[in-house]
1. If the Cβ limit is 6 Å and pairs must be 6+ apart or interchain, which residue in segment 90-108 that is in contact (Cβ under 8 Å) with a residue 12 or more places away in the chain pairs with which residue that is surrounded by 20 or more Cβ atoms within 10 Å (Cβ to Cβ) and not in a helix (DSSP H, G or I)?
2. Sort out which residues of segment 1-46 are of a type in the set (Phe, Trp, Tyr) and farther than 30 Å from Glu132 by Cα, and write them in order of number.
3. Considering only residues that are modelled with pLDDT under 80 and hydroxyl-bearing (Ser, Thr, Tyr), which ones fall in segment 48-72?
4. Go over the candidates Ala86, Ala168, Ala136 one by one and state the one that is under 30 Å from Ala18 (Cβ atoms), among the hydrophobic types (A, V, I, L, M, F, W, C) and at pLDDT 85 or above.
5. For segment 42-62, check the following and say yes or no: at least one residue is over 30 Å from Ala152 (Cβ atoms), in contact (Cβ under 8 Å) with a residue 60 or more places away in the chain, of a type in the set (S, T, N, Q) and in a helix (DSSP H, G or I).
6. Read through the list (1) within 30 Å of Phe164 (Cβ to Cβ); (2) surrounded by fewer than 18 Cβ atoms within 10 Å (Cβ to Cβ), then give the number of the only condition that Ala39 fails.
7. Restrict the check to segment 133-145 and report whether at least one residue is touching a residue at least 24 places away in the same chain (Cβ under 8 Å), under 25 Å from Ala60 (Cα atoms) and not small (Gly, Ala, Ser).
8. Tell me whether segment 45-55 contains one or more residues that are of a type outside the set (A, V, I, L, M, F, W, C), over 26 Å from Asp144 (Cβ atoms) and within 21 Å of the chain's Cα centre (by Cα).
Amino acid sequence: MAATQVAGFTLLLALVVALVVAVTTYNAVVAMQRRVDKAWANIDVVLRQRHDELPALVDAVRGALSFERTVLTDVARARAGYVPEASPAEQGRTSAATSAAVRSLFGVMERYPQLRAEENVAALQAEIERLEELIATRRELYNDTVYLYDAAIAQLPGVLLARFLGWAPREYFEAREPVTNRVPVSLA
């Protein structure tokens, strides 16, 4: 009788340990999901701010850059590509195109000292630059959070719960820009 009690107690203890591990893992992964969602929401806020600020900057420089139409068109086109409901990967491509267009606009603006002297243009440029930096910082935080979440659901015991609960890896927010116009560097 004692052997069956020990076996029963051992089985009960194993079930309790398994339940504790499952609940702990579940709670940890759910917390990571919430962190990923929060990190994405933080990126989305800055993307929306940049989206809202770009028309003001374009309007402020439109008159002075009337013959630089392609730069303004590129900024407008990139801004029009912003879709808040898009996936992080799609948002990343759009963000990269927008950042490239904005850098191009800033490059053109540098050639016009009268533009840089205007307070509203300088303030708008500073705000867009601040938003660009925020996007980069928040992208890094988001991608780190996604990495931790994806790793948690790919490793034991998370992988078992992931299969059972349908948890899937999240997309990274990658802002890959096309490799164009490389400037040759010569140190000789």
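The values are calculated or read from the model by the stated rules, or taken from the named source; none is laboratory data. Bear in mind the structure is a predicted one, so any value in this text is a computation, not a measurement. Glycine gets a Cβ as well: all are built from the backbone with ideal geometry, and neighbour counts include every protein chain shown.
1. Pairs found: Gly92/Phe173.
2. Within segment 1-46, Phe9, Tyr26 meet the criteria.
3. Listed by number, the list holds a single entry, Ser66.
4. The conditions single out Ala168.
5. Of the residues in segment 42-62, the ones over 30 Å from Ala152 (Cβ atoms) are 49-62.
Subset that is in contact (Cβ under 8 Å) with a residue 60 or more places away in the chain: 49-50, 53-54, 56-57, 60-61.
This time we only want the ones that are of a type in the set (S, T, N, Q), so: 49.
Narrowing further to those that are in a helix (DSSP H, G or I): 49.
Yes - at least one qualifying residue is present in segment 42-62.
6. (2)
7. Yes, segment 133-145 contains at least one residue that is touching a residue at least 24 places away in the same chain (Cβ under 8 Å), under 25 Å from Ala60 (Cα atoms) and not small (Gly, Ala, Ser).
8. Keep residues of segment 45-55 that are of a type outside the set (A, V, I, L, M, F, W, C), which gives 48-53, 55.
Within this subset, residues satisfying the condition of being over 26 Å from Asp144 (Cβ atoms) are 52-53, 55.
With within 21 Å of the chain's Cα centre (by Cα) added as a condition, the list becomes 52-53.
Looking through segment 45-55, at least one residue is of a type outside the set (A, V, I, L, M, F, W, C), over 26 Å from Asp144 (Cβ atoms) and within 21 Å of the chain's Cα centre (by Cα).
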